[in-house]
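One structure is given here, and the rest of the page talks about it.
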Amino acid sequence: MLPFDVKFKPGAPAYEQVVYAVKKAVITGALKPGDPFPSVRALSQELRINPNTVQKAVATLCEESLLRVRPGIGTVVAELGPASRADKAALLRDEVERLVVEARKLHLDSADIIEAVREHWARLASDQPAYDERYRVK
């Protein structure tokens, strides 16, 4: 069993969905610094996706300094050093841009986005499911 949950959805690349699931697990504390990370083979078999896709996700997580490969030991969750508020905000720029673009395509305004973010923030803080049927596009 994996220390994080991935629910694949059509439209986004599988490796990006794996990266997101791992980031969420780190943020929520399901994965802690020093925890062993499953091998590419184990992840590939568990998630039933191509090993190359898993390798791309692991490489992305290593580039983002969330995972560290330790020769002879394996891959582990990295210690996250202190980062400035500006550094942390910079990590979100691409995701925020995507959110704004999608919201504009759906003709939502900034108040709708802010309310959705507040609801999801509260839901994650209380460890409730992150998906809300109200935000599903019909």
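The values are calculated or read from the model by the stated rules, or taken from the named source; none is laboratory data. It should be emphasised that the depicted structure is a prediction, and the values quoted were computed from it without experimental measurement. Methodologically, a virtual Cβ is constructed for each residue, glycine included, from the backbone with ideal geometry; neighbour enumeration extends over all protein chains shown. What goes into the accessible areas is simple: the full protein's heavy atoms, side chains included, and nothing from ligands, DNA or RNA. Shrake-Rupley method; radii C 1.70, N 1.55, O 1.52, S 1.80 Å.
State the label only: which of (1) 0.98; (2) 0.93; (3) 1.14 corresponds to Rg/Rh (Cα atoms, Kirkwood Rh) computed from the shown model? Answer label, from the structure shown: (1).
Eigenvalues of the alpha-carbon gyration tensor of region 1-78, scaled by 5 and square-rooted, set the equivalent ellipsoid semi-axes at 18, 14, 11 angstrom, largest first. Taking amide H as placed 1.01 Å from N in the peptide plane, the amide H of Leu67 sits under 5 Å from that of Cys62, Ala78, each at least 5 places away or on another chain. Just list whichever of Lys23/Lys56; Lys24/Lys56; Lys9/Lys32 have alpha carbons separated by over 20 Å in the model shown. Checking Cα-Cα distances, Lys9/Lys32 exceed 20 Å.
Calculated mean residue ellipticity, 222 nm, the chain: -17000 deg cm²/dmol, from DSSP H runs (n ≥ 4) at -39500 (n - 2.57) each, averaged per residue and rounded to 500. Along region 18-28 the Karplus relation, 6.51 cos²θ - 1.76 cosθ + 1.60 evaluated at θ = phi - 60°, assigns HN-Hα couplings of 5, 4, 4, 4, 5, 4, 4, 5, 5, 5, 7 Hz to successive residues, with x for each Gly and Pro. GNM on the chain, alpha-carbon springs under 10 angstrom: the most fluctuating residue among Pro13, Pro51, Pro71 is Pro71.
Stretched out straight at 0.36 nm per residue, the stretch from Glu16 to Arg70 would grow longer than its current Cα-Cα span by 17.1 nm.
The Rg/Rh ratio for region 36-77, using Cα coordinates for both the radius of gyration and the Kirkwood hydrodynamic radius, is 0.96.
Cut-off 10 angstrom, C-alpha nodes, Gaussian network model of the chain. Which of Leu66, Leu43, Leu92 fluctuates the most? Its mean-square fluctuation being the largest, the pick is Leu92.
A Cβ-based charge dipole, computed about the Cα centre of the chain with Lys and Arg at +1 and Asp and Glu at -1, lands at about 280 debye. Solvent-accessible surface of the chain, averaged per residue with a 1.4 angstrom probe and all protein chains in place: 76 square angstrom. Note on Thr60 and Asp109: with the Förster distance fixed at 25 Å, the Cβ-Cβ geometry gives a FRET efficiency of about 0.15.
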